[in-house]
1. When you scan the range 17-49, how many residues do you find that are more than 26 Å from V209 (Cβ to Cβ) and over 16 Å from the mean Cα position of the chain (by Cα)?
2. Only residues that are surrounded by fewer than 17 Cβ atoms within 10 Å (Cβ to Cβ) and either under 15 Å from F186 (Cβ atoms) or in contact with a strand residue (DSSP E or B) (Cβ under 8 Å, 6 or more places away or on another chain) (or both): list them for the range 62-80, please.
3. Restricting to the range 186-201, give me the number of residues that are of a type in the set (K, R) and more than 23 Å from C79 (Cβ to Cβ).
4. Among the residues of the range 9-32, count how many are among the basic types (K, R), modelled with pLDDT of 95 or more and within 14 Å of G61 (Cβ to Cβ).
5. Does the range 27-43 hold any residues that are touching a residue at least 12 places away in the same chain (Cβ under 8 Å) and surrounded by fewer than 18 Cβ atoms within 10 Å (Cβ to Cβ), and which are they?
6. Can you name the condition, by its number, that V210 falls short on among (1) surrounded by fewer than 19 Cβ atoms within 10 Å (Cβ to Cβ); (2) of a type in the set (A, V, I, L, M); (3) touching a strand residue (DSSP E or B) at 6+ places or on another chain (Cβ under 9 Å)?
7. If you go through the range 212-250 one residue at a time, how many are over 22 Å from R170 (Cα atoms) and of a type in the set (A, V, I, L, M, F, W, C)?
8. Checking the structure you have, find out if any residue of the range 270-289 is among the basic types (K, R) and closer than 23 Å to C28 by Cβ.
Amino acid sequence: MRLIVTSDLHYNVLRSKQPTVDLAEEICRLRADALLILGDAAGQDVSILRECFQLFDRFAGRKFFVPGNHELWAPPGECSLVRYEQILPRVCAEAGFHMLDHEPVVLGRVGLVGSMGWYDFSFRPEHLGIPLRFYREKVAPGAASRMERYQHLLETVDDVPEDSLSMGTRWMDGEHVRLPMDDVTFCRRLLDRLEGQLQELSSACDTLVVGLHHLPYAELIPPNSNPSWAFAAAFLGSTAYGEMLLRYPKARHVYCGHVHKAGEVTHGHVHCISTGCTYLEKRYEILELD
């Protein structure tokens, strides 16, 4: 089996459109059994996601999709969970893509499982000393101090490092993702679903390939000395995913996106690759399995 993996096409962003078109044309010329796109193909407007999918109409193999956090960005009045559970699977099916989050697939003796993944703040950088309440609201202390609706976070400042009051970082999921539960609960919900897939396919397959959007291992987070960027590490994934993968010996090949920087790490039997697509440079990985 030959599998092509890419991610973070951001076709809704002007500077990413032509690089995505070029990537799609190249992938469609390749001979492969399957294509897996690991999230952030577009954003709030699902019509742009449909357009992005159409770029791969000429791909001859099976096509799979795992959403990213940007696919959960919802307009006011729309629930992100409804997008994830109902709207995105329908858009995928109409475009000839299979959304792995909701059902794994067996190709020969290879199992494909997938999850968008999420964050539970286990990647937050402890050295910044920023209290957890700011991460839950997805806003750094400096940004919170300038916005009326976040003043409750600063009612007590004894535990807030003074230098963090200059940090204006906001993670925009806080503006656009509308879930009926907190992030930790949602992260666990998706983790449990992925583990169910791994349990289901472990006895039926020789090898499991796992597709994620968020990161399972902190080593894949690009190092950055800028505290404002370091704050954002909390929203890049969860240690729980990496720990869970180690419990399934057949889950040898793991791919993820989200961080826009290529990288790889090995933990035990798990070899994890970050695809590393940026807004201007699109990349893909090829996995060959007997």
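1. Summing the residues that are more than 26 Å from V209 (Cβ to Cβ) and over 16 Å from the mean Cα position of the chain (by Cα) in the range 17-49 gives 7.
2. Across the range 62-80, the qualifying residue is only C79.
3. Number satisfying all stated conditions: 0.
4. Here is the first cut: in the range 9-32, the ones among the basic types (K, R) are 15, 17, 29, 31.
Those still in the list that are modelled with pLDDT of 95 or more too: 15, 17, 29.
Then keep just the ones that are within 14 Å of G61 (Cβ to Cβ); that gives 29.
So the count comes out to 1.
5. Residues satisfying the conditions are C28, L30, R31, D33.
6. (1)
7. Number of matching residues: 5.
8. yes
The values are calculated or read from the model by the stated rules, or taken from the named source; none is laboratory data. Remember, predicted model here, so these are calculated numbers, not experimental data. Every residue, glycine as well, gets a Cβ built from its backbone with ideal geometry; the counts of neighbours run over all protein chains shown.
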